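Asks: This is the structure I have questions about; it appears just below.
The values are calculated or read from the model by the stated rules, or taken from the named source; none is laboratory data. The structure presented is a predicted model; accordingly, all values stated were derived computationally and were not measured. As a convention, Cβ positions derive from the backbone with ideal geometry for all residues, glycine included, and neighbour counts pool all protein chains shown.
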Amino acid sequence: MLTRNTLLILLSIVLLLLSLLSLSIGAFSTPFSTVLNPWREDAGLADLATTIVFEIRLPRLLLSGLTGAVLGVSGAAMQGLFRNPLADPSLIGVTAGASLGASVAIVFIPTTVEFLSLSLVSLGAFVGGLTATIFVYTLATRQSGFSVSTMLLVGIAITALAGSLGNLLDYFANNSALRQISLWRMGGLDAATPSRVMVLLPAAIALMVAVMRYSNALNALLLGDSQARYLGFNIQRIRTVLIVVVAIAVSTSVAMGGTIAFVGLVVPHLIRLLIGPNYQGLVAGSAVLGAVFLIAADLLARTVIAPAELPVGIVTALIGVPFFITLLRRRRSWND
């Protein structure tokens, strides 16, 4: 296995190289020298290069990196909280709730309406994700306190309900709204703007700080609730704080970029294989690898059928499904 510092250095180098590629490659190719210093070109090319690099590609790069980091860390946190290697943020209903909220906004509210430079579709997704999580948490803890199995079952039920309501909206939506809903559910970072980056940044920072702060508690939870309590951790409080922070961060990321699957599932597994299950290294590793994974997927989405684009959620699924199956098979062979 690699050490934590070695892995972070390697991933940081890969992240830097991918960032340069992302800023350089596209429908309008930009040399690395121009990316590093766009003002060196003559006046006309300098203006064009500056616009492309700083106003189009850089916000998209930052949004994809932040989204990948949020999804990777959220997946690691959920797997620790539920002691389930197959857990991800969708188990608390946040993804399905955000999708339903976006569908409601698309069908019932004009898409030209904005609030704080964000479309009401994004705000609807954010509210929907938080509302679904509140329902799941309230129902799961209402009678006998927190139960992992109860919360998983309630999360599955709320996800199914949100999916059914979303399908009902699809049935009554007109063709234009139905296309918008379909594209939104596929996930896409093509609408990245500096304002979207600034909205996601505080949620991402809060998530990283909270999960890093409780990394020792997550390590203790791997041994079970009783052992974690014996070690002095307030498990109920820690679970509540982390679920709230994850719900806010994931709702924000889904609101900014749509539904993007498999990042939160694949990334923590790969980090565990590389450096082990210690959350003090797992959190940082999941953040950087999540950013690398989604930046690479977005780069493929932009270039594989250029000048057209694929939704990035399709790319992450096409990469994530076989990769995750391979990880599970290797893990099973090692256990055997």
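Asks: Out of the residues in the stretch 44-75 that are more than 18 Å from L200 (Cβ to Cβ) and aliphatic (A, V, I, L, M), which is surrounded by the fewest Cβ atoms within 10 Å (Cβ to Cβ)?
Replies: Checked the stretch 44-75; the qualifying residue surrounded by the fewest Cβ atoms within 10 Å (Cβ to Cβ) is L45.
Asks: Return the residues of the stretch 261-295 that are more than 17 Å from P322 (Cβ to Cβ) and not in a helix (DSSP H, G or I); say none if nothing qualifies.
Replies: Of everything in the stretch 261-295, those that are more than 17 Å from P322 (Cβ to Cβ) and not in a helix (DSSP H, G or I) turn out to be G276, P277, N278.
Here is a yes/no grid of residues against (1) within 16 Å of the chain's Cα centre (by Cα); (2) of a type in the set (D, E, K, R):
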residue: S182; (1), (2): no, no
residue: R185; (1), (2): yes, yes
residue: G188; (1), (2): yes, no
residue: A217; (1), (2): no, no
residue: L231; (1), (2): no, no
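Asks: Can you find a residue that is crowded, with 21+ Cβ neighbours inside 10 Å and under 27 Å from V197 (Cα atoms) anywhere in the stretch 303-310?
Replies: Residues of the stretch 303-310 crowded, with 21+ Cβ neighbours inside 10 Å: none.
So far as the stretch 303-310 goes, no, none of its residues is crowded, with 21+ Cβ neighbours inside 10 Å and under 27 Å from V197 (Cα atoms).
Asks: Can you name every residue in the stretch 244-260 that is in a helix (DSSP H, G or I), in contact with a helix residue (DSSP H, G or I) (Cβ under 6 Å, 6 or more places away or on another chain) and surrounded by fewer than 24 Cβ atoms within 10 Å (Cβ to Cβ)?
Replies: Looking only at the stretch 244-260, we keep the residues that are in a helix (DSSP H, G or I), and these are 244-257.
From what's left, in contact with a helix residue (DSSP H, G or I) (Cβ under 6 Å, 6 or more places away or on another chain): 245-257.
Result: V245, I248.
Asks: Something else about it: Restricting to the stretch 222-243, count the residues that are assigned to a helix (DSSP H, G or I) and of a type in the set (A, V, I, L, M).
Replies: Applying the first criterion (assigned to a helix (DSSP H, G or I)) to the stretch 222-243 yields 225-230, 235-243.
If we keep only those that are of a type in the set (A, V, I, L, M) too, we end up with 228, 235, 238, 241-243.
Of the residues in the stretch 222-243, 6 are assigned to a helix (DSSP H, G or I) and of a type in the set (A, V, I, L, M).
Asks: Those residues that are closer than 19 Å to S119 by Cα, buried (at least 16 other Cβ atoms within 10 Å of the Cβ) and of a type in the set (S, T, Y), I need them from the stretch 145-185; list them, please.
Replies: Listed by number, the list is empty, since nothing qualifies.
Asks: Here's a follow-up. Any residue that is touching a residue at least 12 places away in the same chain (Cβ under 8 Å), β-branched (V, I, T) and surrounded by 21 or more Cβ atoms within 10 Å (Cβ to Cβ) - is there at least one of those in the stretch 205-212?
Replies: To start, the set of residues in the stretch 205-212 that are touching a residue at least 12 places away in the same chain (Cβ under 8 Å) comprises 206-208, 210-212.
Still in the list and also β-branched (V, I, T): 211.
Now narrow it down to the ones that are surrounded by 21 or more Cβ atoms within 10 Å (Cβ to Cβ): 211.
Within the stretch 205-212, one or more residues are touching a residue at least 12 places away in the same chain (Cβ under 8 Å), β-branched (V, I, T) and surrounded by 21 or more Cβ atoms within 10 Å (Cβ to Cβ).
Asks: Could you list all residues from the stretch 220-260 that are of a type in the set (G, A, S) and in contact (Cβ under 8 Å) with a residue 24 or more places away in the chain?
Replies: Narrowing the stretch 220-260 to residues of a type in the set (G, A, S): 220, 224, 226, 228, 232, 247, 249, 251, 253, 255, 257-258.
Passing the criteria: G224, A247, A249, S251, S253, A255, G257, G258.
Asks: Could you grab the pairs with beta carbons closer than 9 Å, sequence gap of 6+ or different chains, first residue in the stretch 49-69 and more than 27 Å from I248 (Cα to Cα), second one of a type in the set (A, V, I, L, M)?
Replies: As it stands, the answer is A49/V35; I52/L23; V53/L23; V53/V35, since those pairs meet every condition given.
Asks: Next question, about the same structure. G80 fails exactly one of the following numbered conditions: (1) under 30 Å from L223 (Cβ atoms); (2) modelled with pLDDT under 85. What is the number of that condition?
Replies: Looking at each condition in turn, G80 falls short on (2).
Asks: Under 8 Å between Cβ atoms, at least 6 apart or on separate chains: pull out the pairs that start in the stretch 1-30 with a residue that is basic (K, R) and end on any residue that is in a loop (DSSP other than H, G, I, E, B).
Replies: R4/N278
Asks: Kindly indicate the residue of the stretch 267-281 that is among the β-branched types (V, I, T) and crowded, with 24+ Cβ neighbours inside 10 Å and also farthest from the chain's Cα centre (by Cα) among those meeting that condition.
Replies: So in the stretch 267-281, the residues among the β-branched types (V, I, T) come out as 267, 271, 275.
From what is left, the residues that are crowded, with 24+ Cβ neighbours inside 10 Å are 267, 271.
Details: V267: 11, I271: 16 Å.
Checked the stretch 267-281; the qualifying residue farthest from the chain's Cα centre (by Cα) is I271.
Asks: To continue, here is another question. V53: assigned to a helix (DSSP H, G or I), more than 25 Å from S182 (Cα to Cα), under 13 Å from the mean Cα position of the chain (by Cα) and among the β-branched types (V, I, T), yes or no?
Replies: The answer is no for V53.
Asks: For A284, indicate whether it is under 20 Å from L17 (Cβ atoms) and under 16 Å from the mean Cα position of the chain (by Cα).
Replies: Numbers: under 20 Å from L17 (Cβ atoms): yes; under 16 Å from the mean Cα position of the chain (by Cα): yes.
Against the criterion (under 20 Å from L17 (Cβ atoms) and under 16 Å from the mean Cα position of the chain (by Cα)), A284 qualifies.
Asks: Please indicate, with yes or no, whether at least one residue in the stretch 318-328 is closer than 22 Å to L66 by Cα and without any contact (Cβ under 8 Å) to a residue 12 or more places away in the chain.
Replies: Taking every residue of the stretch 318-328 in turn, at least one turns out to be closer than 22 Å to L66 by Cα and without any contact (Cβ under 8 Å) to a residue 12 or more places away in the chain.
Asks: Every residue in the stretch 303-318 that is closer than 15 Å to M186 by Cβ and either of a type in the set (S, T, N, Q) or at pLDDT 90 or above (or both), please.
Replies: Looking only at the stretch 303-318, we keep the residues that are closer than 15 Å to M186 by Cβ, and these are 304-305, 308-318.
Listed by number, the residues that qualify are L310, P311, V312, G313, I314, V315, T316, A317, L318.
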